[in-house]
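S.K.: Please see the structure below; I have some questions.
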Amino acid sequence: MRHFTILATLFATVTYVAAHGYVTAVTADGQSQSGWLPFSDPYLSPVPTRVIRKIPNDGPVLSISSTDIACNQGGNVGTNDTFDVNAGSDMTFKWTNWLEDHKGPVTTFMASCNGDCSSFTASNGKWFKIDQGGYTNGQWASDKLIANGNQWTSNIPAGLASGQYLVRYEIVALHSVGEPQYYPGCVQVNVKNGGADQPSASELTSFPGMYNGFAWPDIYTDNLNGFVVAGPKVVSFADNSTSNPTPPSSSSSVSPNSSGHSSTASRPYSTSTPANPSNTSTCRTKRSASKKRSFSAHRFHRRSSNH
């Protein structure tokens, strides 16, 4: 029995080290707020209130039709705290250790809570994009995030109207071909000292809904230079000089929009629609027959029927 306990403890420790990812802290205006920490916060007394909405674990959302795609499983429900942020400020999201092979785009959206975010349902939001990173110069946005200490920084538009908003951050991991993994989360913010800018109807989207019919590439065999990030263009009044610029490479067919980000018309890659509706901490990895890969981290992943 003792040996079993030791083995279980070692397995749990290794699994956590090789796990997926979530945002542990968010910083703006020189102030840092803790994210919801799913492996410790639920067991504290009292349970802490965070500015980031709750998530169940470090796993992905697999269904684009689930309401979980908005702010993760449990993220439809508000928290009783908000983060005061000045319009025009940079907001930095600190992720846990992100696996190098979990390559894909990084995006940041906002949605007005039309009042108090604590009672706002995320899946009812009308979202506009303030930042995006795709594939440029042979590098995925997730690689840039890793190189920056597992951090991603987005600018809250200086002219954005003041009020309470959800800020939705997300990495989409494309390592399992045909089964993209979505890692969204949401922080409640109170934008202060803003202007009069608001997104137009053409700049708005919905979660669920935005990914319907979007074709994700095979990152091992497709020519990725033409990849464009899903969803509407970055909102027109966003800062032109973002903290995570994604200029197209010289061979790319992606055309930049007025904000300096790439346009978002979909590309005819193989369409994939994952069937699993739930958030899970297990990981799927499919190796391309035409290219060899070596991912030492996957030696430690949970083994289950989902692989």
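The values are calculated or read from the model by the stated rules, or taken from the named source; none is laboratory data. Just so it is clear, the structure is predicted and the values come from calculations on it, not from any experiment. When we count neighbours, we look across all protein chains shown, and the Cβ atoms used for this are built from the backbone with ideal geometry, even at glycine.
S.K.: Take Ser118 and tell me if it is surrounded by fewer than 23 Cβ atoms within 10 Å (Cβ to Cβ), touching a Pro at 6+ places or on another chain (Cβ under 8 Å) and touching a residue at least 24 places away in the same chain (Cβ under 8 Å). Walk me through it before giving the result.
M.R.: Values: surrounded by fewer than 23 Cβ atoms within 10 Å (Cβ to Cβ): yes; touching a Pro at 6+ places or on another chain (Cβ under 8 Å): no; touching a residue at least 24 places away in the same chain (Cβ under 8 Å): yes.
For Ser118, the condition - surrounded by fewer than 23 Cβ atoms within 10 Å (Cβ to Cβ), touching a Pro at 6+ places or on another chain (Cβ under 8 Å) and touching a residue at least 24 places away in the same chain (Cβ under 8 Å) - is not met.
S.K.: While we're on this one: On the given criteria, is Val26 in contact with a strand residue (DSSP E or B) (Cβ under 9 Å, 6 or more places away or on another chain), modelled with pLDDT of 95 or more and either among the hydrophobic types (A, V, I, L, M, F, W, C) or at negative phi (or both)?
M.R.: On the way: in contact with a strand residue (DSSP E or B) (Cβ under 9 Å, 6 or more places away or on another chain): yes; modelled with pLDDT of 95 or more: yes; either among the hydrophobic types (A, V, I, L, M, F, W, C) or at negative phi (or both): yes.
Against the criterion (in contact with a strand residue (DSSP E or B) (Cβ under 9 Å, 6 or more places away or on another chain), modelled with pLDDT of 95 or more and either among the hydrophobic types (A, V, I, L, M, F, W, C) or at negative phi (or both)), Val26 qualifies.
S.K.: Also, I was wondering about something else. Specify which of the listed residues (Gly35, Gly30, Gly74) is of a type outside the set (A, V, I, L, M, F, W, C), surrounded by fewer than 17 Cβ atoms within 10 Å (Cβ to Cβ) and closer than 23 Å to Val172 by Cβ. Full working, then the answer.
M.R.: Numbers: Gly35 fails: surrounded by fewer than 17 Cβ atoms within 10 Å (Cβ to Cβ); Gly30 fails: closer than 23 Å to Val172 by Cβ.
Just a single option satisfies the conditions, and that option is Gly74.
S.K.: Okay, moving on. Inside segment 71-105, can you point out the residues that are within 29 Å of Glu179 (Cα to Cα), of a type in the set (S, T, N, Q) and part of a loop (DSSP other than H, G, I, E, B)?
M.R.: The answer is Asn72, Gln73, Asn76, Thr96, Asn97.
S.K.: Right, here's the next one. Out of (1) more than 30 Å from Asn57 (Cα to Cα); (2) part of a loop (DSSP other than H, G, I, E, B); (3) of a type in the set (Gly, Ala, Ser), the odd one out for Ser202 is which?
M.R.: (2)
S.K.: Please state which one of Thr108, Thr96 is of a type in the set (Ser, Thr, Tyr) and surrounded by 24 or more Cβ atoms within 10 Å (Cβ to Cβ).
M.R.: Values: Thr96 fails: surrounded by 24 or more Cβ atoms within 10 Å (Cβ to Cβ).
Just one listed residue meets the conditions, Thr108.
S.K.: Residues of segment 98-124 being among the polar types (S, T, N, Q) and touching a helix residue (DSSP H, G or I) at 6+ places or on another chain (Cβ under 6 Å), which ones?
M.R.: Step one: list which residues in segment 98-124 are among the polar types (S, T, N, Q), which gives 107-108, 112, 114, 118-119, 121, 123-124.
Correct list: Ser123 only.
S.K.: Among the listed residues Pro56, Pro38, Pro46, Pro42, identify the single one that is at negative phi, of a type outside the set (Val, Ile, Thr), over 19 Å from the mean Cα position of the chain (by Cα) and assigned to a loop (DSSP other than H, G, I, E, B). Talk me through it step by step, then tell me what you get.
M.R.: Details: Pro56 fails: over 19 Å from the mean Cα position of the chain (by Cα); Pro38 fails: over 19 Å from the mean Cα position of the chain (by Cα); Pro42 fails: assigned to a loop (DSSP other than H, G, I, E, B).
None of the others qualify; the one that does is Pro46.
S.K.: Something else about it: From Asn124, Asn193, Asn114, grab the single residue that is at pLDDT 95 or above and in contact with a strand residue (DSSP E or B) (Cβ under 7 Å, 6 or more places away or on another chain).
M.R.: Unique residue meeting the criteria: Asn193.
S.K.: Which ones in segment 138-156 are assigned to a loop (DSSP other than H, G, I, E, B) and buried (at least 24 other Cβ atoms within 10 Å of the Cβ)? Explain how you work it out, then say what you get.
M.R.: Here is the first cut: in segment 138-156, the ones assigned to a loop (DSSP other than H, G, I, E, B) are 138, 148-150, 156.
Within segment 138-156, just Ile156 meets the criteria.
S.K.: What residue, among those in segment 180-197 that are buried (at least 16 other Cβ atoms within 10 Å of the Cβ) and not in a strand (DSSP E or B), is farthest from the chain's Cα centre (by Cα)?
M.R.: Gly194
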